[in-house]
1. Does any residue of the stretch 138-145 turn out to be within 15 Å of the chain's Cα centre (by Cα) and either charged (D, E, K, R) or over 25 Å from Val94 (Cα atoms) (or both)?
2. Is it true that Thr196 is among the polar types (S, T, N, Q) and within 22 Å of Asn17 (Cα to Cα)?
3. Quick one: in the stretch 46-100, of everything that is part of a loop (DSSP other than H, G, I, E, B) and small (Gly, Ala, Ser), which residue is surrounded by the fewest Cβ atoms within 10 Å (Cβ to Cβ)?
4. Under the condition of being farther than 21 Å from Phe75 by Cβ and in contact (Cβ under 8 Å) with a residue 40 or more places away in the chain, which residue from the stretch 106-134 is surrounded by the most Cβ atoms within 10 Å (Cβ to Cβ)?
5. Give the stretch 138-149 a look and list any residue that's surrounded by fewer than 17 Cβ atoms within 10 Å (Cβ to Cβ) and of a type outside the set (Asp, Glu), or say none.
6. Might you check whether a residue that is closer than 17 Å to Phe59 by Cβ and polar (S, T, N, Q) occurs anywhere in the stretch 166-173?
7. Report the residue count in the stretch 36-93 for those that are without any contact (Cβ under 8 Å) to a residue 24 or more places away in the chain and acidic (Asp, Glu).
8. On the given criteria, is Asp103 open to solvent by 70 Å² or more (accessible area, probe 1.4 Å), under 28 Å from Glu209 (Cα atoms) and in contact (Cβ under 8 Å) with a residue 40 or more places away in the chain?
Amino acid sequence: MNFNDIMKKVQNNEILNKEELIYLLSFEADSRESYIVMAEGRKISKKLTNNKAEIHGQFAFNIAPCPKECKFCSFAYSNKIFHKAQNITIEKAVHYAKKMEDDGVNSVLLMATANASMSLFLETVQEVKKHLKEDTQLIANVGDQSYENAKKMKDAGLIGVFHGVRFREGIDTDIAPQTRIESIRNFQEAGLIVGTCVEPVGPEHTNEEIAEKIIFAGSFNPAYSG
């Protein structure tokens, strides 16, 4: 496999296959090849976005121990960091969102645990939306949802969601990968844009696992991927 040939494919907007991705991931972080890969990625991002960045700000709708038991998440019951449920008031949510907007944020994210009250979350979203500029994007970071709930989220004023299939979903979490995939479909069918991430990357994850998640992230045409 030839590094320069793969870079030519990238420059020609060709999709890399799993073996090529694994090969690129095999280089040390401070190697010449890794810096070239990062530079090419930056070129692509600048072209796709017309060199204009979005500034995201996120705050918590609620804090609570979560039953989905994602081992990498501080909210998991078993990690024993959070012991009681607590929701933000609507007034506080509006305050935080407006403060972020005043500080230059143009995409406000509301994060909620998987066991948060969806009705109260939607009520909060509606009120926050009323107080933001028309072009400030409102995005949710929530648990898996039905199509019906996804439609309600859209109607409440959300433009999109952050969602994905994390590493070792169903092993390091109590969520089946298919459930995450179905939620992504529900969000998109309801008219919400979906952003995602290849996450959470740790030393325990192989290059093959990372390559598979990169391919999946690109498979549903997300608005962005980190």
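The values are calculated or read from the model by the stated rules, or taken from the named source; none is laboratory data. Since the model is a prediction, treat every value here as computed from it, not as a measurement. As a convention, Cβ positions derive from the backbone with ideal geometry for all residues, glycine included, and neighbour counts pool all protein chains shown. Please note that ligands, DNA and RNA were not included when accessible areas were found on the heavy atoms of the full protein model with its side chains. Shrake-Rupley method; radii C 1.70, N 1.55, O 1.52, S 1.80 Å.
1. yes
2. Numbers: among the polar types (S, T, N, Q): yes; within 22 Å of Asn17 (Cα to Cα): yes.
Considered against the rule, which asks whether it is among the polar types (S, T, N, Q) and within 22 Å of Asn17 (Cα to Cα), Thr196 comes out as yes.
3. At the first step, the residues of the stretch 46-100 found to be part of a loop (DSSP other than H, G, I, E, B) are 49-55, 61, 64-65, 67-75, 80-85, 88-89.
Those left that are additionally small (Gly, Ala, Ser): 53, 64, 74, 85.
Details: Ala53: 9, Ala64: 19, Ser74: 12, Ala85: 14.
Of everything passing the filter in the stretch 46-100, Ala53 is surrounded by the fewest Cβ atoms within 10 Å (Cβ to Cβ).
4. Ser107
5. Restricting attention to the stretch 138-149, the residues satisfying the condition of being surrounded by fewer than 17 Cβ atoms within 10 Å (Cβ to Cβ) are 141, 146-148.
Of everything in the stretch 138-149, those that are surrounded by fewer than 17 Cβ atoms within 10 Å (Cβ to Cβ) and of a type outside the set (Asp, Glu) turn out to be Asn141, Ser146, Tyr147.
6. Within the stretch 166-173, the first condition is being closer than 17 Å to Phe59 by Cβ, and the residues that meet it are none.
Looking for residues that are closer than 17 Å to Phe59 by Cβ and polar (S, T, N, Q), one finds none in the stretch 166-173, hence no.
7. 1
8. Details: open to solvent by 70 Å² or more (accessible area, probe 1.4 Å): yes; under 28 Å from Glu209 (Cα atoms): no; in contact (Cβ under 8 Å) with a residue 40 or more places away in the chain: yes.
No; evaluated as a whole, the condition is false for this residue.
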